[in-house]
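Asks: Here's a structure for you.
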Amino acid sequence: MNIIAKRRTVEDLLAIRNNVLKETRALEEQQRKLEIACEKLEGRAYPPYRLQKSYNQDVIKLIDYKYWRYIVKYFRLSDFMLCSEFEKLQDQIEHYSTPEFNEKNVLPWVDGMKGMIQDGVIKLAKKMYEEIINTKYRTGGERKKRNNNGIENHFILETGDCGYGYGYSRNPTITDDLEKLCYILDGEKLPEHTMKAEIFDSKNNCYYGESKCPYFRIKVCKNQNTHYWLTDETVLRLNKIGSNSKIIGSDIKIKVF
């Protein structure tokens, strides 16, 4: 029998975290008393049982690590942030660099979430437009720059997407950000698997192939290039926000899950 897990609210997380910290402190105090009792007999604190932390970190950081990870997943920030920005946030969490997970830090962070998502999408749109316009591509052993003043239906960029198939690079590229942006601007949920993943995971980690989504299709080549074919509607939308990303949120609806 499958049981559907309830998604916790921010208030739930804070209550659970505080209770976990309280019980952890109680365990630490109990161990201290046990060490004192053992010391009376042996002259040293050598109890038969000892609490052992998983990592060489402060207990608060060890506890808060899980709750920051949960709240990032809760708000699906990976859907609305630049891949590079999301990587930075993940790096902070993985290296225990986030602030303490308490009411003082978390609630204002949640209040600013709407603005964070809005700013993240605007940054993503601006970055995508500039990269598509300025990124070079490989041809005949040389790297050439596209000469145009906007996004076209078909273009080629040097992305290194084939590295995903080789297995030596699984980092997100302009292809991942473009796919993400198109879904966000259309108010749609991001697919479970990216276009690149559909290519390589379905063909035993080959290093080239083709894939498509409702907004464009791609062809990943061995020479580091990726070819893009965009729908007319996608071209119009990207050129529109490229010239003025501030229109996001006015005539373009962003659906936050």
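Bear in mind that the values in this text are calculations on the coordinates, not laboratory data. Because the structure is a prediction, the values reported are computed rather than measured. Backbone-built Cβ (ideal geometry, glycine too); neighbour counts: all protein chains shown.
Asks: Cut-off is 10 Å between beta-carbons; in what order do L27, L178, L62 appear when sorted fewest neighbours first?
Replies: Ascending number of Cβ neighbours within 10 Å: L27, L62, L178.
Asks: Determine how many Å³ per residue the convex hull of the Cα atoms of region 10-111 encloses.
Replies: Each residue corresponds to 105 Å³ of Cα convex hull volume.
Asks: Going by how many other beta carbons lie within 10 Å of each one, how would you line up D79, D91, fewest first?
Replies: Numbers: D79 18, D91 10.
Placing the least packed residue first, the sequence is D91, D79.
Asks: Label L41 and E142 with points 7 Å out from Cα along Cα→Cβ: what is the distance between them in nm?
Replies: 8.5 nm
Asks: A further question follows. Once both labels are modelled 7 Å past Cα along the beta-carbon direction, what's the K222-E192 spacing in nm?
Replies: In this crude label model, K222 to E192 measures out at 3.3 nm.
Asks: Mind giving me the FRET efficiency for L89 and E23? R0 is 22 Å, r the Cβ-Cβ distance, nearest 0.05 is fine.
Replies: Working: r = 29 Å, r/R0 = 1.30.
After rounding, the FRET efficiency stands at 0.15.
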